[in-house]
Every structure is written in structure tokens, then in C-alpha cells.
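One structure is given here, and the rest of the page talks about it.
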Amino acid sequence: MKTALKNLFSTNPSQNFNSYIKKCASLLKNFSEKGLVTGGTVLHCHLHKKGIFSEKFIAIKLLIMYLDFRKLDEANEIVKEFNGFDLVVQNCLINANIQWGNLAEARRLFDQMPERNEVTWTMLISGLMKYGRLQESMWYFEMNPFKSVVSWTAGISGFVKNGSSFDGLKLFVRLLESGVKPNKVTFISVVSACIQTGDFALGMSVLGLIVKTGFEDNVSVCNSLITLCLRMREFDLARRVFDRMETRDVVSWTAILDMYVEKGDLGEARRIFDEMPERNEVSWSAIIARYSQSGDHLEALKLFRQMVQEGLKPTISCFSCILSTLASLEILRTGRNIHAHVKKIGLEGDVFIGSSLVDLYCKCGETKDGRLVFDSIEKKNVVSWNSMLGGYSMNGQMDEAKDLFDNMPTRNNVSWGAIISGYVEYKQFDKVFEVFNEMLLSGETPTKPTFSSVLCACASVASLEKGKDLHGKILKLGFHYDVYLGTALTDMYAKSGDIESSKQVFDRMPERNEFSWTVMIQGLAESGFAKESLTLFEEMKSCTSVSPNELMLLSVLFACSHCGLVDKGLQFFGAMESVYGIRPKGRHYTCVVDMLSRSGRLYEAEELINSMPFQPEANALAALLSGCKTYKNEEIAERTARKLGELAERNSAGFVLLSNIYASAGRWIDVSKIRKLMREKGLKKNSGCSWVEVRNHVYSFSSDDRTHSKSAEIYDILELLRSEMMAP
DNA sequence: GTAGGGTTAG
């Protein structure tokens, strides 16, 4: 900005007046577009000093600039110079009012004008279209005595932008009949109408017309043709159009970049991006968005920083994309900075940015901040509602989530999925099935992730019946080829005790990932097929590139423990850190302690506990104690019980185990002492629970309360049964 | 040739 101004100030206006004026005009336009208020004001002062201000050409540019900046006093000064009744000046004022949304004022100005021209009419037509007032706009269109190609195009593109492509195309036919020649802008709008209707044949006949009228060499028309081919997934044709273009602009390059992005060829897209002669915000947005979507959040963040460093202003979509990247990485600090920046430039209420901010705050656990942003979004859409709903749901605020869900203006399958996944995550399984059934009744088709969460619920309550039902629905939709759903089905069958079906689903999966192998190895181990589990683990290691994880190794240790392969188990345990790079957790130690204790290797078990770098789980001590009981080792039992007592001070599991051990030894006085201690400390044992399934509804029962809605009746019947049984 | 219509990303 500074250099441009300096250049201008150093040239003498009288030398080449016309080019000087042109330079001023283009600078003013530039300042206006980029919002550079200072630059504009400085140039205005300069022109005033030189006395060039009276040039109408310049004065209009200044007026537009001040209107853009909303500097009304300055704008009024200029209007006064013209006594206020110049046609062009009036047109500028009408346009400004339309941009600001003051349609009534724009119409008032229009009505009181002594004469109007083509531009006056067109501005009103396109202005009304912009605000979706199609009928009014068409009324003015028909009244317009001038009807140049620009007003025809304003009408066509207005329809297209409002999603009424068909009306747009009808208007285009009328244009052809009227004898007015369409121009490049008309064709661009018409092509975009073809894209919207998805009618490729129509697109091709428009292409024919474009060639016939000689617009096939126009850069912008070709750009829109490339987009048409892309949307119709005619990638080769798109590439051909691109290749035969003589000149290409940044839009052409971005369109072809988008083609590779669309094809999922991120490598080629990146190559194009690096080779592009020029890049703008949209090109950057395209590549950043794709890195973010494909999960390479760090690369997306890197590119975003680079973009800002190169002095480009991120667009709304770019902000929203980078906010969602930050959400995935859970980087709240940077997110808050961007939030502050977005607020400063007045974009906080934007629906895209707002929804991303809601998501960011919720993913970082700050639902309150998320709610504040949500409430500030001006025109909420279903995505914003879903972000807030998902936010509550993922943070376990199910009451808030349900409340929001019930009050949503519109729901889609993502909304249903969000609330269901919350119920699954927070183990309210009866709610899961209730809401899922409601969803099916409403006619909504569940998404793959939704099926996956409901299957997880089936696995958790071991409901084979529901699981099979879901399997059927998944087959019908052709979702069974999906890795995640295949894995979820494998897990569901294994956890519901149908290990054969589980293995069958696993074997038929066209593709397996780390999770698929994990659930199958775990399923086999926990269903008592220890040898098969170990064989599968070996198969995975030798045939795939999947590397063992924490859970798999736990299953492997569990399997070894259950088929008495103590030394093999110890070998795996030893290899965990050195070979697989996984530091053993408490549960791995517990499993090995259990394995040693069961086989009577009590001293080794005790030694392992003592060598642990952190506190053992209460279960590890209990396993050792139970081994001591089996192999009658009073000495170790004594020491272990003391340790368990110490542990019990801090955690209820220890207390429960200790009291169980006392109970099995018949030491009832100690048992009641412990129970009393637990009550005093406010520790509560998680009570056991069982359930029955009646007509698609799961009823759960627990020992310590009467939560069932019909518990009074149930107890009455129990009493009745008891008296029946006692009767002689 | 000062005011009005268009294409790329989400």
C-alpha cells in the first residue's frame, strides 16, 4: 500500500493525465476491496490538494469507497458536490443500501428518481434476488424497459443462487428467444444451473452453444466447464478442457487442484498446488481442507500458518476448517486466539465459524463456552445444532443433550447419531435402544457410525437378538463391507457368546485394521479359545503390517494364563516393552500375577508386584491372595493382605476384595468391620446388575435399589411366589 | 467507459 502511494505521489499528474487518473481509480478500488481505510483517506487528501477531486470519474470511485467503509459523513460530502441528483450518484446510493440490507430505503430512492437507466433497474433486480425475494425481483424484471444482457443474467443467476435452477434455465430460453446475445457471464450462470440440476446432457448442449457462439476460449467460461465436468465426475474431460486452455488463471488451477482432491489423490493435488503459478485464498483453503479431512491435522495447521505468513487473509471457510483441525488436535489455546481474532473482524456470528467454534470448545471439554458461542450464532442451521448436541453428548451432559434434541427445529441422521453415541458412551443402554427405535420409526436411515455405536451397546449388554437384527439391516444397506462395521459386528458376536459367527464375520471382512484384529484376538481369548487366539496373534504378526497394541497383548497374556502357558506368557510380558514398545499397564501386571498365582509360582508373583514402578491394582493382590489360599501359603498371604488393607484406604475395590476374602475364610467379624469402615468413608461398591429383554426393551435390575418402574408389583409377585412355595 | 450480472474452496 505504502509503495503504491509513494509511486503515485512521485509522478506528475499533468505529464500523462489520463493514465494518472486510471492509476488513482485502480488504487481506490483496491483500498475499497481490501478495507484499507487509511490508504483511501490519504489518497483522498492528496487528490484534494492537487485539485483533481472535481473529476467525476474519481469522485464516484471515492464515493463508492466511502460507502464501502460506511463513512457516511465523507460520502455525503461528495453527494453534496453533485447537488445530490446525479443519476450515477443515486445509483451508487441505491446499491449501497441494498448491500447493507436496507431494501426499503433502496426502493424509496428508486421510486423518487426522476429518470432511471438500465443499471438502476438491474441493481434492484439482483438486490431482491440476493435476499431471496424472487417474485418481487421478477416483477421489476418484467417492468424493466431496457432488458440488456446484464439484467437477463442478473435474473438467471439470481434463480440459480436461490436453488431454482429450473426457473433460471427457463429464463435463459426466453433470453435466446428475445434475440439478446448471451455473454460469458450468462454462460457461466447457465453452466452452474446445469451443475445444480445434475443434467449432464443439458450441460453438453450448453457446451455446444458455447462453442457455436465462440466463448470456448474464454478463461472464466472454461473454468465453469471444468467444474461442470468435475461435478459429473468426468475427470478426463475436465483435464482435457484444462489442458487445451491457452491461458489459465488462479481459478482454473484451483478447479483442477480440486479435481485431484476430489479423486482422493492428495499427492497429485499437492504437486499441482506447489506448481501453481499463483495461489489465492480459495486454493489454500482447498488444500488445507483436504489435509484436515484426511486426518493430517498437523500438515493442515502448518499450511495455514504459511498462508497467513504469506499475507493472505483466511476466508470464512478457511477459519472454520482450521478451527476444526484445532478441535481434532484439542489445541484450545490457539483456538481461543483465533476466536478472539474472528470476533475482532466481526465473524463470530457466522454459521460456519460459529459451529466450528462450538465443536472446538466441546471437544476440549468446555461446553459452557461452546454454548455461549452457539447462542451467538445468528442464523443457526442443522449443523450448528448438531455441533452443540454432539458437544453435550460427548461430555456426558445427556440431560442437556436430550433437551436440545427435543427442541431442535430440524433433525437429520447425524443428530440422532449424536445423541445415541452419547448414551452408548455413558452406558445408558436402554436409552440407546429406545432412541434408536424411535429413529427407525421416524424414517431416518442410520449412518455407519450410528450402527457402530448401537452394535457396541448390543455387545455391552450381550444382546445377541438385537445384534442379529442390526446385522440384517446392515446387510440390507450394503454397509457390511465397511471395516468399522465389520469390526463392530465381530465384537458384538464375540461379546454375546456367539464366537462362531464372530469368526465368520471376521473371516469375510474384505479389509481389516488394527481394531479388527484386536477384537477378534480378544474375543477368542475371552471365550476360552486361548490357543486359537494365540495362533491368530501369530498370524497377524507374520501376515500383516499391523503392530500389536496394549489391548491385544492383554488378551494374549490372558490366553496364556488360561491355557497354563506360563513361560510363554512371561516371554510375551518381557517382550512388551523391548520388542513392541508398549509399557505394561496395571492390568497387564495383574494378568501376569494371576497367571503365576494360579500355577503356584507365588514367590515370583509377589516379586513382580514388588518390582512394579507404580501401585498395583487391588485385583493383582487379590489374585495373589487367592493363589495363597489354593497353595496354602500363610506367609505370603499375611503380607499381601496387609498391602491390600493399605490400598483399601484409598479405593473401594480393595475394601470389597478384602471383605470377600475374609468372608470366604469365615471371618465374619472382620467382614462387618470393613463394611462399616466403607460406609463411614462414603465409599460405595458398584452394585451388580442384571437385566431381561422383553419385546425390544431392556429392563435392568440392581441389588441395592428399586429403580424399575414396576418394582412394587414385582416384589408383590415375588412375595406371592414365596408363600406358594412355603405352603405345605 | 464512472454505477449493475459470473467462475474456484466449504
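The values are calculated or read from the model by the stated rules, or taken from the named source; none is laboratory data. Bear in mind that the values here come from a model prediction, so they are computed numbers and not experimental data. Cβ coordinates were reconstructed from backbone atoms using ideal geometry, including for glycine residues, and neighbour counts include every protein chain displayed.
Values computed for the structure shown
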item: Selection status of residue A:262, modelled with pLDDT under 90 and either more than 9 Å from DNA strand B (Cβ to nearest atom) or not in a helix (DSSP H, G or I) (or both); result: no
item: Single match in A:454, A:483, A:432, A:424 (criterion: touching a Ser or Thr at 6+ places or on another chain (Cβ under 6 Å) and either among the hydrophobic types (A, V, I, L, M, F, W, C) or over 25 Å from residue A:513 (Cα atoms) (or both)); result: A:424
item: Inter-residue pairs, beta-carbon under 9 Å, first under 11 Å from residue A:318 (Cα atoms) and among the β-branched types (Val, Ile, Thr) and in the stretch A:272-293, second assigned to a loop (DSSP other than H, G, I, E, B) and near DNA strand B (Cβ under 6 Å from one of its atoms), 6+ apart; result: A:282/A:315
item: Any chance residue A:6 is under 19 Å from residue A:88 (Cα atoms), charged (D, E, K, R) and part of a helix (DSSP H, G or I); result: no
item: Answer residue from the stretch A:553-578, given it is of a type in the set (A, V, I, L, M, F, W, C) and not in a helix (DSSP H, G or I) and is surrounded by the fewest Cβ atoms within 10 Å (Cβ to Cβ) among those; result: A:563
item: Helices (runs of 4 or more DSSP H) wholly inside the stretch A:82-132 containing at least 1 residues that are within 9 Å of DNA strand B (Cβ to nearest atom); result: A:87-99, A:118-130
item: Selected residue (criterion: farthest from DNA strand B (Cβ to nearest atom)) from residues of the stretch A:265-282 that are under 15 Å from residue A:304 (Cβ atoms) and touching a Lys or Arg at 6+ places or on another chain (Cβ under 8 Å); result: A:273
item: Yes/no for residue A:491 being crowded, with 24+ Cβ neighbours inside 10 Å and either within 15 Å of residue A:452 (Cβ to Cβ) or touching a residue at least 60 places away in the same chain (Cβ under 8 Å) (or both); result: yes
item: Check on residue A:312, more than 11 Å from DNA strand B (Cβ to nearest atom) and touching an Asp or Glu at 6+ places or on another chain (Cβ under 7 Å); result: yes
item: Residue check, residue A:334 out of contact with any Gly (no Cβ under 7 Å at 6 or more places or on another chain) and modelled with pLDDT under 90; result: no
item: Residues of the stretch A:223-251 satisfying the condition of being within 12 Å of DNA strand B (Cβ to nearest atom), in a helix (DSSP H, G or I) and more than 19 Å from residue A:194 (Cβ to Cβ); result: A:250
item: When residues of the stretch A:186-208 are limited to those that are surrounded by fewer than 19 Cβ atoms within 10 Å (Cβ to Cβ) and either near DNA strand B (Cβ under 7 Å from one of its atoms) or free of Cβ contacts under 8 Å to residues at least 12 places away in the same chain (or both), the one farthest from the chain's Cα centre (by Cα); result: A:208
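Results for (1) under 28 Å from residue A:454 (Cβ atoms); (2) surrounded by 16 or more Cβ atoms within 10 Å (Cβ to Cβ); (3) of a type in the set (Phe, Trp, Tyr), shown as yes or no for each residue.
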{"residue": "A:358", "(1), (2), (3)": "yes, yes, no"}
{"residue": "A:377", "(1), (2), (3)": "no, yes, no"}
{"residue": "A:383", "(1), (2), (3)": "yes, yes, no"}
{"residue": "A:395", "(1), (2), (3)": "yes, yes, no"}
{"residue": "A:410", "(1), (2), (3)": "yes, no, no"}
{"residue": "A:421", "(1), (2), (3)": "yes, yes, no"}
{"residue": "A:429", "(1), (2), (3)": "yes, yes, yes"}
{"residue": "A:436", "(1), (2), (3)": "yes, yes, yes"}
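Every residue, every condition in (1) within 29 Å of the chain's Cα centre (by Cα); (2) at negative phi; (3) at pLDDT 90 or above, yes or no:
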| residue | (1), (2), (3) |
| --- | --- |
| A:213 | no, yes, yes |
| A:218 | no, yes, yes |
| A:235 | yes, yes, yes |
| A:270 | yes, yes, yes |
| A:273 | yes, yes, yes |
| A:280 | yes, yes, no |
